[in-house]
1. Out of the residues in segment 60-80 that are assigned to a strand (DSSP E or B) and out of contact with any helix residue (DSSP H, G or I) (no Cβ under 8 Å at 6 or more places or on another chain), state the one that is farthest from D185 (Cα to Cα).
2. Condition check: at positive phi and open to solvent by less than 20 Å² (accessible area, probe 1.4 Å). Does G139 satisfy that?
3. Limited to segment 125-174, what total is found for residues that are charged (D, E, K, R), part of a strand (DSSP E or B) and touching a residue at least 24 places away in the same chain (Cβ under 8 Å)?
4. How many of the residues making up segment 81-117 are open to solvent by less than 20 Å² (accessible area, probe 1.4 Å), among the aliphatic types (A, V, I, L, M), within 29 Å of P30 (Cβ to Cβ) and in a helix (DSSP H, G or I)?
5. Six or more apart or on different chains, Cβ atoms under 6 Å: show the pairs whose first residue is in segment 201-212 and touching a residue at least 60 places away in the same chain (Cβ under 8 Å) and whose second is of a type in the set (G, A, S).
Amino acid sequence: METKNIELITKMVVEAINQSESKSGGFMVPIGVSARHIHLTQEHVEALFGPGYQLTKKKELMGGQFASNETVTIVGLKLRAIENVRILGPVRKASQVEVSATDAIKLGMKVPVRESGDIKGSAPIAIVGPKGALYLKEGCIVAMRHIHMSPKDAQAAGVKDGDIVSVKADNERGTIFNHVKIRVDDSFTLEMHIDTDEANAAQIATGNTVTIIK
């Protein structure tokens, strides 16, 4: 079954469940597990891949973003490296590397938990591409878990952009995630993003659902 069909079916199922759950105050959200990745400026794309280079699209993501075909190597302060880290496009105004806490340990670094885009004073990182390398004095973070929503979904859930909520995973691990930030935009598809550490610890996979706790 094609990915777009699976995503459509998942959305329809979640909407149906949310309608039936509305009386009990629960609002279900599908999970998207986010692996380590990088956002780059055009200047840094060219520093790593050569003058005039443009990212090429591998897979469409929500909000106009895409997973590119291009990958790079990231290197920590103790010269420990992680290879094949995927770049997400389109290019941004500031470069940013998002890793898990386990990745940070592997790199030998102390990396703060931050909302995407909040990189001031974050960890330094080196990035190596096929045509060059660069060093970021700041820009490496562990991404704060968050939920993407459209305005319609936010209204149905009774939340607004910037709210902090808790969610519950009703599986055998019975995990509750606190400090989950709500992000609302017309371009967003309903989905909670957690990193691979959080997913593995809670035995959650992409496509599973969690419930916002009222």
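The values are calculated or read from the model by the stated rules, or taken from the named source; none is laboratory data. In this text, all values refer to a predicted model and were calculated from it rather than measured experimentally. We place every Cβ from the backbone using ideal geometry, glycine too, and count neighbours over all the protein chains shown. Just so you know, the surface numbers come from the protein's heavy atoms only, side chains and all, with ligands and any DNA or RNA stripped out. Shrake-Rupley method; radii C 1.70, N 1.55, O 1.52, S 1.80 Å.
1. To start, the set of residues in segment 60-80 that are assigned to a strand (DSSP E or B) comprises 60, 66-75.
Narrowing the set further to residues that are out of contact with any helix residue (DSSP H, G or I) (no Cβ under 8 Å at 6 or more places or on another chain) leaves 60, 66-69, 71, 73.
Numbers: E60: 17, F66: 17, A67: 20, S68: 23, N69: 26, T71: 28, T73: 32 Å.
Only one residue tops the list, namely T73.
2. Numbers: at positive phi: yes; open to solvent by less than 20 Å² (accessible area, probe 1.4 Å): yes.
Judged against the criteria, G139 is a match.
3. 1
4. 1
5. Close Cβ pairs satisfying both conditions: I204/A169; T206/G32; V210/A169; T211/G26; I212/A157.
One line per residue, one yes/no per condition, for (1) modelled with pLDDT of 95 or more; (2) crowded, with 17+ Cβ neighbours inside 10 Å; (3) in contact with a strand residue (DSSP E or B) (Cβ under 9 Å, 6 or more places away or on another chain):
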residue	(1), (2), (3)
D170	no, no, yes
R173	no, no, no
N178	yes, no, yes
V184	yes, yes, yes
L190	yes, yes, yes
D195	yes, yes, yes
A202	yes, yes, yes
T211	yes, yes, yes
